[in-house]
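Colleague: This is the structure I want to talk about, given as structure tokens.
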Ligand SMILES: Nc1nc2c(c(=O)[nH]1)N[C@H]1C(S)=C(S)[C@@H](COP(=O)(O)O)O[C@H]1N2
Ligand SMILES: [Mo]
């Protein structure tokens, strides 16, 4: 290190720790340049995978069995941002290591970045919807951009000969900056703290701006809505319009039908899959006498029916919002299965998605005359929004989404129960996923301050497709009081419940419990969502003055 320029003011900067820091900064900035190049390319050229998304999806797919809580938190919409951020941070960490290595050997730094680029390429190429060619193009350009930036910055940092784009024909190869450098280096090609900092800031700001631009363009390629051209044919078998007793109005009560925009969204995708309905196909395969293939038009030409079904997520916490009720339009799954001719012994129906996601549920459950599983193409009278599975998804009344409600459905495969496990089963979730009986207090909300006197307590309760028989409410662990219920649309849907309470001053805890159509009351025993759905009573505490 003795050949490094030193001076009083830059002592720490040129001390070994200072040099290492400079190299690490160079690495991080170079990493940002590489990531930005990848995001920009993905945003500008449709079909080019974002390497950040690819690595994130790969990590989601790799969730080791037992990492249930991590998996649950990865589910939520906000946590998708967290996955992106985590991938970027890990990439920057690798780049920091590369930078540190570069302060001794640029070759080894470049090799590390190439290795990382290769990992990102493999992750991208493994994505079900990706084009390996575009994945390779993106990984190559991103890696080259990162290595190029690192080379320039290491040059500015004085570890290597600086890269000069303006050739020294004007006799000022070092540029004016070097001469004016407060660090006081006199050699023309000497490292300059200021030039290094200026270049680093330029690269970092440019990378952030272009990376964000790339991501904005990328998100625009993946809207949550259905394509504008999509239309939903009228169903031949329509649901009865809702009547007043089926849809109560009370302060803060959850509407009986959740709009498409407000409906919860859960899937493993960091970007909403965009399916071209004109080339999309739905295959019926496996243990059937006649394998079938439907185009979107053929599916729409089937007799369509409407039904309200409440869909719930196994990850929903007690009192959580990962549940909703909608009017679904679709073809009868039973009709499609009858056309295909299900062979005896085909004990499981597997749903496969264009995104690689899979579910599995018993054939017997789907064929039970008590329920109408469907291949849904419409949601609340509109074509399925892209984020809810356009062009088609499965809806199986009574089952949690993770074992049934395949969005962006591409294949229905008949097999045995033993032969296959759906996506979440090896990750520690139950193979059977009947929706657990649950009830929720929506009004008043926990922590609310109320005035003494008459207070409306209300919420929803669901047990698809056993139906809800009764809902009880208790205050401060007192006597259970039966609540008033909305008239159930069907056993497959939730009900609203309501009770008027004479609130007295003090802090009070409101609890709710539901009894399903079989007469079974939900258990008070608290259980986390994994592996079969959360249990326990929802309780909210309010203060009354
Ligand atoms: N292709 C695909 N379909 C999927 C999932 C997924 O990750 N990928 N998640 C399932 C889960 S866990 C649930 S709860 C429901 C949620 O459907 P929604 O997003 O329309 O509310 O979709 C199911 N279908
Ligand atoms: Mo779910």
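Colleague: Between residue 335 and residue 452, what length comes free when the chain is fully extended (0.36 nm per residue of separation minus the Cα-Cα distance, one decimal in nm)?
Modeller: 36.5 nm
Colleague: Please list 316-324, 457-465, 508-516 highest first by mean number of surrounding beta-carbon atoms within 10 Å per residue. Intermediate results must be reported in sequence, preceding the final value.
Modeller: On the way: 316-324: 19.2, 457-465: 26.9, 508-516: 22.1.
Ranking, from highest mean packing down: 457-465, 508-516, 316-324.
Colleague: Taking the simple approach of a point 7 Å from Cα along Cα-to-Cβ for both residue 481 and residue 242, what is their distance in nm?
Modeller: Once both label points are built, they end up 2.6 nm from each other.
Colleague: How long is the gain from residue 430 to residue 161 if the chain were fully straight, where each residue apart is worth 0.36 nm and the alpha carbon distance is subtracted?
Modeller: Working: separation 269, 0.36 × 269 = 96.84 nm, distance 6.00 nm.
Extending this stretch completely gives an extra 90.8 nm.
Colleague: Could you work out the helix-only [θ] at 222 nm for the chain, with each DSSP H run of four or more residues adding -39,500 (n - 2.57) and the total divided by the number of residues, to the nearest 500 deg cm²/dmol? Please report the intermediate quantities before stating the final value.
Modeller: On the way: 13 runs with 180 residues, N = 545.
Computed mean residue ellipticity for the chain: -10500 deg cm²/dmol.
Colleague: Post the alpha-carbon centroid distance, segment 450-506 to segment 372-433, in whole angstrom.
Modeller: When both Cα centres are located, 31 Å separates them.
Colleague: Extension gain residue 416-residue 249, at 0.36 nm per residue separation less the Cα-Cα distance, in nm?
Modeller: 55.5 nm
Colleague: For segment 205-222, list residues with backbone N below 11 Å from a point placed 7 Å from the Cα of residue 44 toward its Cβ?
Modeller: Hits in segment 205-222 for residue 44 at 11 Å: 214.
Colleague: By the gyration tensor of its Cα atoms, with a ≥ b ≥ c the square roots of the eigenvalues, what is the shape of segment 474-545: rounded for a/c under 1.5, prolate for a/b over b/c, or oblate?
Modeller: oblate
Colleague: A further question on this structure: According to a simple spin-label model (label point 7 Å from Cα along Cα-to-Cβ), what is the distance in nm between residue 289 and residue 108?
Modeller: 6.9
Colleague: Could you state the angle between the C-alpha long axis of helix 106-126 and the longest principal axis of the C-alpha atoms of the chain, as a value from 0 to 90 degrees rounded to the nearest 10?
Modeller: So the helix axis and the longest Cα principal axis differ by about 20 degrees.
Colleague: Kindly express, to the nearest 10 degrees and within the range 0 to 90, the angle between helix 77-102's C-alpha long axis and the longest C-alpha principal axis of the chain.
Modeller: 20
Colleague: Something else now. When ranked by the protection proxy of mean other Cβ atoms within 10 Å per residue, highest first, what sequence do the peptides 518-526, 496-504, 140-148, 473-481 form?
Modeller: Averaged packing, sorted descending, gives the order 140-148, 496-504, 473-481, 518-526.
Colleague: Do me a favour and compute the ellipsoid semi-axes for segment 292-409 from its Cα gyration tensor, root of five times each eigenvalue, largest one first, whole Å.
Modeller: Semi-axes (√(5λ), whole Å): 21, 18, 14.
Colleague: So what is log10(I(q)/I(0)) for the chain at q = 0.06, 0.08, 0.09 1/Å, when the Debye sum runs over its Cα atoms only?
Modeller: -0.42, -0.66, -0.78
Colleague: What FRET efficiency would be calculated for the residue pair residue 276, residue 62, taking the C-beta separation as r and a Förster radius of 22 Å, to the nearest 0.05?
Modeller: 0.15
Colleague: Another question, then. By average Cβ neighbour count within 10 Å, what is the ranking of 233-243, 351-361, 367-377, 26-36 from highest down? Mind dumping the intermediate values first?
Modeller: On the way: 233-243: 12.3, 351-361: 23.0, 367-377: 20.1, 26-36: 28.1.
Highest mean packing first, the order is 26-36, 351-361, 367-377, 233-243.
Colleague: Same structure, new question: At what distance in nm do the modelled label points of residue 81 and residue 213 sit from each other, each positioned 7 Å from its Cα along Cα→Cβ?
Modeller: About 2.3 nm, to one decimal.
Colleague: Taking the chain as the reference, fit the longest principal axis to its C-alpha atoms, fit the long axis of helix 132-156 to the helix C-alpha atoms, and give the angle between the two in degrees, 0 to 90, nearest 10.
Modeller: 40
Any read-out appearing in this document is the output of simple, stated calculations on the displayed coordinates, not a laboratory observation. This structure is a prediction, so every number in the text was calculated from the model and none was measured. Glycine gets a Cβ as well: all are built from the backbone with ideal geometry, and neighbour counts include every protein chain shown.
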